[in-house]
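Notes follow the structure.
Readers should treat all values here as calculations from the given coordinates under stated rules, not as data from a laboratory. Keep in mind it's a predicted model, so treat the numbers as computed, not measured. Neighbour counts are summed over all protein chains in view; Cβ atoms, including those assigned to glycine, are modelled from backbone coordinates with ideal geometry.
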């Protein structure tokens, strides 16, 4: 007990020191520091009226990674270095998230589908595997159901849309706190609901973890992300995708889920797996973001879902 308490006190002290060091590195400065050393290049594409930041790296069969609500492309940095060894990896900031700026009205479901279609057209040499986490999973699943000929495979990671959004009460309260008033305090409460072992994760990530938290808080306070989430969550995040739409998904589909997800609980994935025959990989010692908490176990499940990385041919003009 004393050892555990000492570890928690040391972690708390380190957290305070790290946050103090990076407090001035919010916004674009924090983002650039996060991406330092990640084997990707960045470009900006105009897609469906969204000035979209896109990270790209590697060569081989294309994989598009779509992050969750309130997140950004850099949330995939623990798995990108492995994936780019054998695949072309495309990682955008979703509309209204990160540095992807939306012109005009906030994005709706139809516009996001058009955005994803244009992203695939401009960045993928052939039909990609779509890997979607949370809100990104709901976007990917709906796209695969409607335009399956443009998708090779689908991987849903702790995804919205497979059932009604019914988080645990503590998660719901923590999420509401960040929505109403995004501060370091409310962010901390939500972080502890999102991760199975928040202190252990912070020890693993070091300063990069503090940068992730700082940039996430910076974005949570931005009017553009607030407007995007007010539009996208009621349309794509909160409601369940109708069973008939899910049944239209014809491409190979795999589920990857954290054992301790408090946001979209494991039972949702188990029910979808049983109903549709989709393989389910459960990641131990992880909550709703296994790619961050348990990247090695996540990558084993993802590589199994993607299959051999045979070379892909470029589309003919």
Sum -39500 (n - 2.57) across every DSSP H segment of at least 4 residues in the chain, then divide by the residue count to get the 222 nm mean residue ellipticity, nearest 500.
-> -14000 deg cm²/dmol
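Answer rounded, prolate or oblate for the stretch 37-174, using the Cα gyration tensor with square roots of eigenvalues a ≥ b ≥ c: rounded when a/c is under 1.5, else prolate when a/b is larger than b/c, else oblate.
On the way: a/c = 1.37, a/b = 1.27, b/c = 1.08.
It is rounded, given that a/c, with a ≥ b ≥ c, falls under 1.5.
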Estimated inter-spin distance, residue 185 and residue 43, nm [label 7 Å along Cα→Cβ] | 4.6 nm
Any chance you could give the angle, 0 to 90 degrees and rounded to 10, that helix 2-22 forms with the longest Cα principal axis of the chain?
-> 70 degrees
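Can you tell me the mean projection area, over all orientations, of the convex hull of the stretch 128-198's alpha carbons? Units nm², please. Before the final figure, lay out the partial values.
Values: hull surface 23.6 nm².
Over every viewing direction, the Cα hull of the stretch 128-198 projects on average to 5.9 nm².
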The stretch 128-221: relative contact order from alpha carbon pairs under 8 Å, six or more residues apart, as a whole percent, is 22 percent
Rounded to the nearest 5, what % of the DSSP beta bridges within the chain are antiparallel ones?
-> 40 percent
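Test of understanding: what is the full-extension gain from residue 110 to residue 250, defined as 0.36 nm times their sequence separation minus their Cα-Cα distance?
Values: separation 140, 0.36 × 140 = 50.40 nm, distance 2.09 nm.
Between residue 110 and residue 250, full extension yields an extra 48.3 nm.
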With everything on Cα atoms, drop me the angle between helix 184-194 and the longest principal axis of the chain, reported from 0 to 90° to the nearest 10.
-> 60 degrees
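How much FRET efficiency would the formula 1/(1 + (r/R0)^6) give for residue 197 and residue 240, where r is the Cβ-Cβ distance and R0 is 35 Å, rounded to 0.05?
Numbers: r = 30 Å, r/R0 = 0.85.
Once rounded, the FRET efficiency stands at 0.70.
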Compute the Cα gyration tensor for the stretch 236-314, then decide on rounded, prolate or oblate, letting a ≥ b ≥ c be the square roots of its eigenvalues: rounded whenever a/c is under 1.5, prolate when a/b is larger than b/c in the other cases, and oblate in all that remain.
-> oblate
Once residue 296 and residue 166 are pulled to full extension, the length gained, defined as 0.36 nm per residue separation minus their Cα-Cα distance, is 44.0 nm
Of [x] 38, 24, 15; [y] 29, 22, 20; [z] 35, 29, 18, which is the value of semi-axes √(5λ) of the Cα gyration tensor in Å derived from the coordinates here?
-> [y]
Given a cut-off of under 8 Å on Cα pairs at least six residues apart, what relative contact order in percent is computed for the chain?
-> 21 percent
In degrees rounded to 10, the 0-90 angle between helix 169-180 Cα long axis and the longest Cα principal axis of the chain is 90 degrees
Rough spin-label spacing in nm, given labels placed 7 Å along Cα→Cβ, for residue 176 and residue 28 | 3.8 nm
With label points set 7 Å from each Cα along the Cα-to-Cβ direction at residue 85 and residue 122, the distance between them in nm comes to 3.2 nm
